[in-house]
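Colleague: Before we start, here is the structure in question, set down as structure tokens.
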Amino acid sequence: MKSLQMKKFSLMAAVAAMFTFFATQAMAITAPVAGSFGYEAYNFLVTTLLKGPFGAISAILLFLVTIILFVQQKIVPAVVCLTAAIVLINTANMIVALGAVY
């Protein structure tokens, strides 16, 4: 039984390695410019919400929830909230780095 599971695992690892090694290209994408498709939605979501006061207040509240959860010794939810706060603070940079497909 163990050897069958090991063979399956080895086969899956080999397939994953092949997909990794034979990847041809990464789709580099850019943020939309004024007048292009999706610019209004992008501008509202990123500039107004995430980079604006909503994003800052949300990040501060997530940090406060993180502190409260750490005090209550709820480590896993606290780490999740901390990660979410950090991601929320850096969302604008991540969107520029990852871009959007249009």
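No value in this document is a laboratory result; all are computed from the given coordinates. These numbers were taken from a predicted model, which means no experiment stands behind them. With ideal geometry, Cβ positions are generated from the backbone for all residues, glycine too; neighbour counts draw on all protein chains shown.
Colleague: Quick one: order ILE75, ILE60 by neighbouring beta-carbon count within 10 Å, fewest to most. Mind dumping the intermediate values first?
Modeller: Details: ILE75 10, ILE60 13.
The fewest-first ordering by Cβ neighbours comes to ILE75, ILE60.
Colleague: Separate question: Return the FRET efficiency for the residue pair ALA84, LEU45: r is the Cβ-Cβ distance, R0 is 22 Å, and the value is rounded to the nearest 0.05.
Modeller: Working: r = 17 Å, r/R0 = 0.77.
Given R0 = 22 Å and the Cβ-Cβ separation, E is 0.85.
Colleague: In what order do LEU82, LEU45, LEU11 fall by count of nearby beta-carbon atoms within 10 Å, going from fewest to most?
Modeller: LEU11, LEU45, LEU82
Colleague: For the stretch 28-98, would you read off the P(r) tail past 21 Å as a percentage of all alpha carbon pairs?
Modeller: 38 percent
Colleague: Now for a different question. Mind sorting LYS8, LYS51 by how few other Cβ atoms lie within 10 Å of their own Cβ, fewest first?
Modeller: If I rank by nearby Cβ atoms, fewest first, I get LYS8, LYS51.
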